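Down below is the structure, laid out as structure tokens.
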Amino acid sequence: MTELERIEKYLSITPSLRQKRIQRQNFNVFIHYGLNTFTGKEWGDGKASPSLFNPTNQDTDQWIRTVKDAGASGVILTCKHHDGFCLWQTKTTDYSVASSPYKGGRGDVVKEVSDSCRKYGIKFGIYLSPWDRNNPAYGTDAYDDLYCAQLEELLTGYGDIFCVWLDGACGAYADGKSKQNYDFKRYFELIRTLAPDACISNCGPDVRWVGNEGGYARESEWNVVPRFAFDLQTIESNSQQADDGKFAKKGADVVASDLGSREFLSNFEDFVWYPAEVDVSIRPGWFYHKSQDRMVRSLKNLLRIYYNSVGGNSILLLNVPPDKRGLIHEKDVETLKKFGEHISQSGSQQVKISEIAAPVSEIGCEIENIFDDSIDVSDCNPLGFYTPERESDQYSFQICLDEERKINRVKIIENVAYSQRIESFQIFAYVNGARKKVYDGTTVGYGRIALFKPVKTQKLEIVLSKVRKKPYIEFIGVYEDNGYVLKKPALYRFKQWIHRVNYKVFIDKENKNYSE
Ligand code: FUL
């Protein structure tokens, strides 16, 4: 294939509607809750008595109000974690809330959370751990039947599900057992049948695990990656293997640093649209531990994660674990409230653009289309974007603001219906007549928030210095200084990522493309 043919191939890879929707959601909350909340464990061994599950004051409305105040769009609940304890009234096992004192054994946490989500307009998703340390069937074919029955109960009994999160973590050896040979193909088909709009994340074809639990996206996240990236063996082998408290602290060193550059893609023939998700906990643990009440991430830390993930073409999945009372702890609530306020205030700091000069557009795709990011091009408005009429090596946009403003960021979104095209771009500000470079970046994709040192200016220039083909831009926004400065160290860490994945080994020819 020539370079041009290759590029055409990459650009032919575009998201499914369900992928566009989840990318547009930007930020969701993970809720880890279950027997571990009461035993203080991270990985329950499946032997703890259900009688320990006894929240005294559970209020899922409080959880979801917190989620809403934080500005998230959806919630994913650990309906069953590795210990096998089920938070709903399942017919598949007694190891569930039905055997607990909670509401006299008649409680159903999945129902409560999904009802609260509906009440507050938050989407609801499920996490159902494939690894099950309690069920005697684990390790046999009968377990696949049981797992599918659990999926079926969850996907049919609790309203719309936006995401099914399949965890790759497994430490079966810790139980002296060999690992279940999961029939993922069967799980995927069942999910597609029962919940066709739901994304299957992590060990699934729709959303890619970023590869670490430290809150780091790559400096250049690409949505078009070689199909091997959706290879369950790779995902599982990179996932957590032991409950030693070390995995989440590892930072960003468990995956390849580049999954999508032209150079990297040139090694492969088969590609998928596979957007990254950054899953990270607000505390050191995924489950609540009283001893970690003073270790809740600070606002500054959460913002670092937000700008790095949501601002770096990735979905953020932030874990917030309820405590033994069945409430989200005051400390987390307070931080999340400030976080939500920061995000919403920052969104309203968009500066008025009085004039923008861009290369001549295709008819119907004028530059004026791109100042309003509430237009959802994915579902309904195919013309809410700009594209130049002609192909060129570089594209330059001159932006005049209504008056001189102190700004510190620019947000750009590509219309991903045309795949991901921008490979590098720079932002210049005119200060006292001089053209000063304020930002040098790489990918844009579903969204890049380019943060720079505050600068007073009335005129900017954005140069798309390298593109795969002419850009399709959905949105450009310029924002007044919100006081946030992204510290350099986070970026330095990416550069030190080690290429640990031997990608050639893991190509699985059997993998069907479930994205269709
Ligand atoms: C990991 C699990 O082992 C953790 O307990 C947690 O659920 C996290 C989201 O995924 O792989």
| task | Would you kindly derive the ³J(HN,Hα) couplings of region 39-49 from the backbone phi angles with the Karplus curve 6.51 cos²θ - 1.76 cosθ + 1.60 (θ = phi - 60°), listing them in order in whole Hz, with x for Gly and Pro? | result | 9, x, 8, 9, 10, x, 8, x, 10, 5, 6
| request: Order these peptides, 200-207, 108-115, by their mean beta-carbon neighbour count within 10 angstrom, highest first. | output: 200-207, 108-115
| field | Ellipsoid equivalent to region 1-160 - semi-axes via the Cα gyration tensor, in Å | value | 33, 22, 14
| query | Hey, what number do you get for the chain at 222 nm if only DSSP H runs of n ≥ 4 count, each worth -39500 (n - 2.57), divided across all residues, to the nearest 500? | reply | -7000 deg cm²/dmol
| Kirkwood Rh over Cα pairs of region 353-480 into Stokes-Einstein at 4 °C, 1.567 mPa s: D in µm²/s? | 89
| Counting only protein heavy atoms, what percent of the accessible surface of the chain is carbon or sulfur at a 1.4 Å probe? | 49
| remark: Long-range alpha-carbon pairs in region 43-93, meaning those over 12 Å apart, account in percent for 74
| message | Given contacts defined as C-alpha pairs under 8 Å and at least six residues apart, what's the relative contact order of the chain, whole-number percent? | response | 17
| query | Which FRET efficiency value, to the nearest 0.05, is calculated for Q394 and R106 with the Förster distance at 60 angstrom and r the Cβ-Cβ distance? | reply | 0.40
| request: With only Lys, Arg, Asp and Glu charged, each at its Cβ (+1 for the first two, -1 for the last two), find how big the charge dipole of the chain is about the Cα centre; round to the nearest 20 debye. | output: 1580
| remark: Here the membrane-span-like helices of the chain, with no claim about any membrane, defined by DSSP H, Cα axial extent at least 24 Å and mean Kyte-Doolittle at least -0.5, are 141-157
| request: For region 353-480, give the magnitude of the charge dipole about the Cα centre (Cβ charges: +1 Lys/Arg, -1 Asp/Glu; no others), in debye to the nearest 20. | output: 800
| task | Give the percent of DSSP beta bridges with both residues in the chain that are antiparallel, rounded to the nearest 5. | result | 60
| query | Distance from the Cα centre of region 254-321 to that of region 10-37, in angstrom? | reply | 12
| remark: Computed on Cα atoms, Rg of region 3-348 relative to 2.2 N^0.38 Å comes out at 0.95
| request: Please give, to one decimal in nm, the separation of the simple spin-label points placed at V485 and Y173, each 7 Å out from Cα toward the Cβ. | output: 4.6
| For L52 and K469 in one chain, what is 0.36 nm times their gap in residues minus the Cα-Cα distance, to one decimal in nm? | 144.3 nm
| trypsin sites (Lys or Arg not before Pro) restricted to DSSP loop in region 1-51 with at most 13 other C-beta within 10 Å | K47
| said: Per 0.36 nm of contour for each residue apart, how much would the distance between K459 and K300 grow if the chain were fully extended, relative to their Cα-Cα spacing? | reply: 54.3 nm
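The values are calculated or read from the model by the stated rules, or taken from the named source; none is laboratory data. These figures come from a predicted structure and were not determined experimentally. A quick note on method: Cβ atoms are made from the backbone with ideal geometry, for glycine too, and the neighbour counts reach across all protein chains shown. Side chains included, ligands, DNA and RNA excluded: accessible areas come from the protein's heavy atoms. Shrake-Rupley method; radii C 1.70, N 1.55, O 1.52, S 1.80 Å.
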